[in-house]
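Notes follow once the structure below has been shown.
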Amino acid sequence: MFKILKKSLNKTKEAIKQIVGAEKKEKIPKDLLEEALIEADIDYDLVEKLLNKLPNEVSRERLKKELDKIFNLPENKIEINDKPYVFLIIGVNGAGKTTTIAKLAYKFKNDGYSVILGAADTFRAAAIEQLSRWAEILDVPIIKTRQGHDPAAITYDTISSAKAKGFDIALIDTAGRLHNKKNLQNELKKIVNISKKAYPNAPQKKLLVIDATQGSSAINQAKIFNEVVGIDGIIVTKLDGTAKGGSLFSIVNELKIPIYFVGVGEKKEDLVKFDKNEFIEGMLEGLYSE
Ligand SMILES: Nc1nc2c(ncn2[C@@H]2O[C@H](COP(=O)(O)OP(=O)(O)OP(=O)(O)O)[C@@H](O)[C@H]2O)c(=O)[nH]1
Ligand SMILES: [Mg+2]
C-alpha cells in the first residue's frame, strides 16, 4: 500500500523534528511536545487540553490514545446508494474546489460510475473555462452557462440532466465568496434549495474544501459555511505544500465533521481517502522518529 497520506505530511514532520530532534525516542518531555504540536499548527487550546491529560514524559502509545480520541467521529465512507448522487462542493476562493471536483470525477469514473459536472461557479468566466478543460481531459459531460448567469439555475439543470440521462453522480462547482457573508449565504441556500426541487434527496453531500496551508485559520470559514448550509464532510487540499498538517486535528476537533479526502497535489490522481490511523501515525513518526 502506498502511504501517500503519510508522505504528504513530510513538511509537517520536518517542522516537528526541528523542535524535538530527529533521533529515535521513547518519551518526549511535555514542554517540548507542546512546542512541537503548536509548531505543527494544532490549535493552542487543543494542545493545552491534550497535554493536561498527559504525564510529564509522554510515550508514543499514550499520545496516540489522546490523538485518536479527536478523530472519534462518524464513519467517513461515501456510499453511492442513490441516483443521481449529488455532491455540492463549497469553500472560499482558491481553496481548491474546481481541482478537487476534477479529482473526484476521475476517482468516481475509475470506480465505474458515470459522472456529470455542473459549473455553478458563474462568478468568473475563467472558472467555467477551468472546469470545462477538466471535463474535456476527463471525458465527462459538463453543464455550463455564461458568466454572470444564475448559479442556482445551472445547479437545477445539472441535476435534472443527471436524472434524465441516468448519471450516477453529479459534481457541482460553486463560487467561493466569503468576503460578503450575506451574498454567500443567499446564494448557497438558494443552490441547496433548488437542488431539492430538481431531486428531493439532493445534494446528498455538501463537502467543504479547506486549504491546509491556511492552517487553523480555516476553521472560522468552515464554521460560517456550516452555519449557512450545514456541512456533511471536509476535503483538505494542499496538505503536500504545508507544515501545518496538525491543523487537521483542530479542524475536526472544532467542527466534529469528518474529513473524507485529502488533496496532495495538483494532478487528477492527487486525492487520497483520509485515513485517521495513517494520519496519526505520520504525526507520531515525526515526533518519535520511528
Ligand atoms: N499543491 C496542491 N495544489 C492544489 C491542490 N488542490 C488545488 N491546488 C491548486 O490550488 C489552486 C487553486 O485551485 P482551484 O481548484 O482553482 O481552487 P478553487 O477553490 O476552485 O478557486 P476559486 O474558483 O477561485 O474559488 C490551483 O493552482 C490548484 O492547482 C492540492 O491538493 N495540492
Ligand atoms: Mg473554482
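Values quoted throughout were computed directly from the atomic coordinates according to the rules given, and no laboratory measurement underlies them. Being a predicted model, the structure only gives us computed values, none of them experimental. A quick note on method: Cβ atoms are made from the backbone with ideal geometry, for glycine too, and the neighbour counts reach across all protein chains shown.
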**Report entry** the chain - share of DSSP beta bridges that are antiparallel (%, nearest 5)
**Finding:** 20 percent
**Report entry** FRET efficiency estimate (nearest 0.05) - Cβ-Cβ, K3 to K189, R0 51 angstrom
**Finding:** 0.80
Query raised in the report: Ordered by residue, what ³J(HN,Hα) values in Hz, to whole numbers, does region 59-69 give under the Karplus form 6.51 cos²θ - 1.76 cosθ + 1.60, where θ = phi - 60° and Gly and Pro are x?
Result: 7, 4, 4, 5, 5, 4, 4, 5, 5, 4, 4
Requested in this report: Using the Karplus curve 6.51 cos²θ - 1.76 cosθ + 1.60 with θ = phi - 60°, work out ³J(HN,Hα) for each residue of region 258-274 in order, rounded to whole Hz, and write x for Gly and Pro.
Outcome: x, 8, 8, 9, 10, x, 10, x, 9, 8, 4, 7, 7, 9, 10, 5, 6
Query raised in the report: Ordered by residue, what ³J(HN,Hα) values in Hz, to whole numbers, does region 82-91 give under the Karplus form 6.51 cos²θ - 1.76 cosθ + 1.60, where θ = phi - 60° and Gly and Pro are x?
Result: 8, 9, x, 8, 9, 9, 9, 9, 10, x
Query - Estimated [θ] at 222 nm from DSSP helical runs (n ≥ 4, -39500 (n - 2.57)) normalised by residues in the chain, nearest 500 - result: -15000 deg cm²/dmol
**Report entry** Charge dipole magnitude, Cβ of K and R +1, D and E -1 - the chain, Cα centre, debye nearest 20
**Finding:** 760 debye
Report task. Please go through the residue pairs K17/K238; K64/K196; K13/K109 and name each one whose alpha carbons sit more than 31 Å apart in this structure. Result -> K64/K196; K13/K109
Report summary line: Charge dipole of region 1-146 built from unit charges on the beta carbon (Lys, Arg +1; Asp, Glu -1), centred at mean Cα; most positive-end Cα among G96, I137, N72 is I137
Query - Crossing angle, helix 151-165 versus the chain [Cα axis fit, 0-90 degrees, rounded to tens] - result: 80 degrees
Query - Order of I172, I191 - criterion: other Cβ atoms within 10 Å of each residue's Cβ, fewest first - result: I191, I172
Query raised in the report: At a Förster distance of 22 Å, what's the computed FRET efficiency of N72 paired with K223, Cβ-Cβ distance as r, to 0.05?
Result: 0.65
**Report entry** Net lengthening on full extension, S132/K49 (0.36 nm per residue, minus Cα-Cα)
**Finding:** 25.2 nm
Query raised in the report: What are the residues whose amide H is under 5 Å from the amide H of I143, where those residues sit 5 or more places off or on another chain and H is modelled from the backbone?
Result: L117, G118, A119
Query raised in the report: Amide H neighbours of I210 under 5 Å, counting only residues 5+ apart in sequence or on other chains, H built in-plane at 1.01 Å?
Result: I235, V236, T237
Query - Interchain or long-range residues, amide H under 5 Å from I259's placed H - result: I234
